[in-house]
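Taking it in order: structure first as structure tokens, then the write-up.
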Amino acid sequence: IGGEYVVNKLTATAINSFMINAYIEILMDNYKLTRLMEISFMISSEQETCENVDALTSEVEKQVSALSDGKSRSNMKEVASAKMADQIQARLRGEKIFGIDSGIPSFDMAFGGFQPSMYYILGGRPSAGKTALADQIVLHQLMRDRGVLYIALEASIERVFAKLSCKHADQVYTKYAHGKMSAYELGDVEKSRKFLDKAPLVLYRPSDITGTEIRSA
């Protein structure tokens with residue numbers, strides 16, 4: 001079968017414990033490819049008889065998401081413990097904010113900033129300033145080079161971008177919308193437009209306002 005040369009070659013390429021992580025990754029990649037093929041087959045089999053496309057889409061997204069989340073199913077106790085240890089040390093140093101600061105000191109002092117994996121709702125009556133407050137928080141993140149996904153459900157993307165530009169320039173949006181800005185004011189807005197153009201901001205407006213589409217985005 002090839003003599004000593006082949007035997008030596010086999011020992012050089014044989015599986016060993018030192019490379020176990022790499023072999024596990026190869027195994028998982030092949031598993032994921034197999035699952036993707038199964039999901040594709042499911043889509044094909046449903047193509048002719050599917051009566052609820054949204055339900056099928058949601059099921060496909062759930063199964064694909066499960067493949068992506070597979071690595072997170074292990075015990076996360078050590079991670080949580082290490083994070084808490086860091087927070088305790090930060091408290092001993094006198095630090096108050098452990099999440100993402102909003103740029104509004106009173107909010108950050110009351111809530112400790114925005115915490116990872118938490119869901120926050122800004123509530124209020126119509127025209128109470130909810131969107132203006134949200135835009136202010138968004139700009140604060142962008143000015144610190146933090147990525148923001150902005151999903152607009154009520155206004156057009158063009159209007160959202162223009163309002164953010166005006167707010168960043170400390171100008172009144174209605175003056176811009178009505179064409180009443182001076183050349184100096186427009187110059188400030190143009191500088192802000194260029195800033196937002198390069199900022200880590202993603203603007204998105206769903207064609208249909210559903211949880212499935214927002215989750216997909």
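The values are calculated or read from the model by the stated rules, or taken from the named source; none is laboratory data. As the structure is a computational prediction, the values presented were derived from the model and not from experiment. Counting neighbours? That spans all protein chains shown, and the Cβs are built from the backbone with ideal geometry, glycine included. We work out accessible area using only protein heavy atoms, side chains counted, and drop any ligands, DNA or RNA first. Shrake-Rupley method; radii C 1.70, N 1.55, O 1.52, S 1.80 Å.
To the nearest 0.05, how large is the calculated FRET efficiency for ASN52 and TYR119 if R₀ is 35 Å and r is the Cβ-Cβ distance?
With R0 = 35 Å, the Cβ-Cβ based efficiency is 0.80.
Just to verify a number: FRET efficiency for ALA155 and ASP197, C-beta to C-beta distance, R0 = 22 Å, to 0.05?
According to the calculation, E is roughly 0.70.
Beyond a 29 Å Cα-Cα separation, which of these cross-linked pairs lie in this structure: LYS83/LYS194; LYS130/LYS191; LYS77/LYS198?
In this structure, LYS83/LYS194; LYS77/LYS198 lie more than 29 Å apart at Cα.
Consider just the alpha-carbon atoms of the range 16-72 and return their Rg together with their Dmax, both in angstrom.
15.2, 51
Report the gain in length on full extension from PHE41 to ILE26: 0.36 nm times residue separation, minus Cα-Cα distance, nm rounded to one decimal. Each step should come with its number before you reach the end.
On the way: separation 15, 0.36 × 15 = 5.40 nm, distance 2.28 nm.
Contour length minus the Cα-Cα distance gives 3.1 nm.
Hand me the GluC sites (Glu not before Pro) from the range 147-195 located in a DSSP loop with no more than 15 other Cβ atoms within 10 Å, in residue order please.
Passing both the DSSP loop test and the Cβ count: GLU154.
I need the phi-derived Karplus couplings for the range 177-194: 6.51 cos²θ - 1.76 cosθ + 1.60, θ = phi - 60°, integer Hz, Gly and Pro marked x.
Per-residue couplings from phi come out as 5, 8, x, 10, 7, 7, 4, 5, 5, 5, x, 5, 5, 5, 4, 5, 4, 5 Hz.
Which semi-axis lengths, in whole Å and largest first, follow from the square roots of five times the eigenvalues of the Cα gyration tensor of the chain?
Each semi-axis is the square root of five times an eigenvalue, giving 47, 28, 20 Å.
What is the range 1-126 by shape, rounded, prolate or oblate, if you read a ≥ b ≥ c off the alpha carbon gyration tensor as root eigenvalues and call it rounded for a/c under 1.5, prolate for a/b larger than b/c, and oblate otherwise?
oblate
Counting other Cβ atoms within 10 Å, which GluC sites (Glu not before Pro) in the range 1-79 have at most 14 and lie in a DSSP loop?
When the GluC sites (Glu not before Pro) of the range 1-79 are filtered for loop state and at most 14 Cβ neighbours within 10 Å, GLU48, GLU51 remain.
By accessible area of protein heavy atoms, probe 1.4 Å, what ranking do MET181, MET143 get, highest first?
Result of the area sort, largest leading: MET143, MET181.
Find the eigenvalues of the gyration tensor of the Cα atoms of the range 111-157, then list the square roots of 5 times those eigenvalues as equivalent ellipsoid semi-axes, largest first, in whole angstrom.
They are 19, 15, 11 Å, listed from largest to smallest.
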